[in-house]
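Data first, discussion second: the structure below is written as structure tokens.
Readers should treat all values here as calculations from the given coordinates under stated rules, not as data from a laboratory. All of these numbers come straight from a predicted model, not from anything done at the bench. Please note: Cβ atoms are built from the backbone with ideal geometry, for glycine as well, and neighbour counts cover all protein chains shown.
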């Protein structure tokens, strides 16, 4: 049996590589003879640099950049094995995990360090740049990123805007004349794991602001600031980013990359799967095992496992997904190409305990799933019943 093991990370518990190892071990416990291809995934968010660099035998590099609240942070970025493609995770420079809960303030947080990481990747000679969106502490529409690359965002008095989303309400003019010319020379993809627009009830502020520390009043201010930013972008650059799919990713960084860097927004999962040559592995596969920490309605917006399921369905390969927690109806997931979802917890368990034991729970869940698969195969061709009848005789 040929099995592809391709999970995303179980955030807060397991990296994608660790999750893949746990699933593989669970499969081996039941089917030691199985042919297994392990492909740890990412969806454009955290883990994208590691997944792509390791899979392509590339390099992971370090740079000191400006963190989301202005303090310096050490960030990783990658050069793929082709020595042409650079990969940047915005979460490395402007991620929520970099800000203690009591200090989170999306009105002040900046993506300036993301622009610095992009410059570092260009300094390494990359001609194609992938910017992974997701896990952000920011809601500045990519303003800080653009400023780091030489774009001037000007207020009414002609001065440069301060960093952070709050300052966007004072934006009067955008001047791209000083932008790093290497930005225009590079092909830039914004790898988004969601399709949310920039503004409105499904936009960056309304959907993701609360997890970054925004209360209801702050969410309204953020949405107004991003709407104003979109108005100035449309007037000065003749680009409408307000309703663009994926523009709201990473606090509007998707919109900023398109408008201010000429980027193209791509589905993060699809782009990662393309770079990994995932479809080629499907041609010989009998089963795909995937999974992530939480399976919920966000799967609608393009999470990694939905990308896996879409390609697997195209090749008529069944998919089993493992979930740390499940908040979506099984029937809805079947409609999206996922044959079955297996929660990794065997029964009621505290979240902290489940996260601490995630590796063991995932391995055990994979073992249970494979035992059921073996049983089902036996029932299907009569071998299970015949075997027991022979034992009785």
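Between 0 and 90 degrees, the angle of helix 304-314 with respect to the longest Cα principal axis of the chain falls at about 60 degrees. The tail of the calculated P(r) for the chain, taken as Cα-Cα distances beyond 26 Å, holds 53 percent of the pairs.
Among 185, 234, the ranking by other beta carbons within 10 Å of each residue's beta carbon, starting with the fewest, stands as 185, 234. Restricting attention to region 89-240, close to 45% of DSSP beta bridges with both partner residues there are antiparallel. Among 149, 276, 253, sorting on how many other beta-carbon atoms sit within 10 Å of each Cβ, with the fewest leading, yields 276, 149, 253. Applying D = kT/(6 pi eta Rh) to region 48-269, where Rh is the Kirkwood radius over alpha-carbon pairs, T corresponds to 20 °C and eta to 1.002 mPa s, the Stokes-Einstein value obtained is 128 µm²/s. Please find, in a Gaussian network model of the chain (springs between Cα atoms separated by less than 10 Å), the residue of 190, 16, 55 whose mean-square fluctuation is greatest. Ranking 190, 16, 55 by mean-square fluctuation puts 55 first. Packing order of peptides 86-99, 65-78, 165-178, 133-146, highest average first: 133-146, 86-99, 65-78, 165-178 (average count of other Cβ atoms within 10 Å over each peptide's residues). Here region 15-98 yields Rg over Rh of 1.11, to two decimals, using C-alpha coordinates and the Kirkwood radius. For the pair residue 184 and residue 234, label points projected 7 Å from Cα toward Cβ lie 2.6 nm apart.
Counting only alpha carbon atoms, the long axis of helix 249-261 and the longest principal axis of the chain meet at about 60°. Note on residue 220 and residue 170: the model spin-label points, each 7 Å out from Cα along the C-beta direction, lie 2.3 nm apart. Divide by every residue of the chain the summed helix terms, -39500 (n - 2.57) for each DSSP H run of at least 4, and state the resulting mean residue ellipticity at 222 nm, rounded to the nearest 500 deg cm²/dmol. Calculated at 222 nm, the ellipticity per residue is -12000 deg cm²/dmol. In this label model, residue 177 and residue 157 are separated by 2.2 nm, measuring between points 7 Å along each Cα→Cβ vector. Bridge orientation summary for the chain: considering DSSP beta bridges with both residues in this region, about 35 percent are antiparallel.
For the chain, take the longest principal axis of its alpha carbons; what is the angle in degrees between that and the long axis of helix 112-123, to the nearest 10 within 0 to 90? Result, in degrees: 80. Measuring between their Cα centroids, region 147-182 and region 24-55 lie 42 Å from each other.
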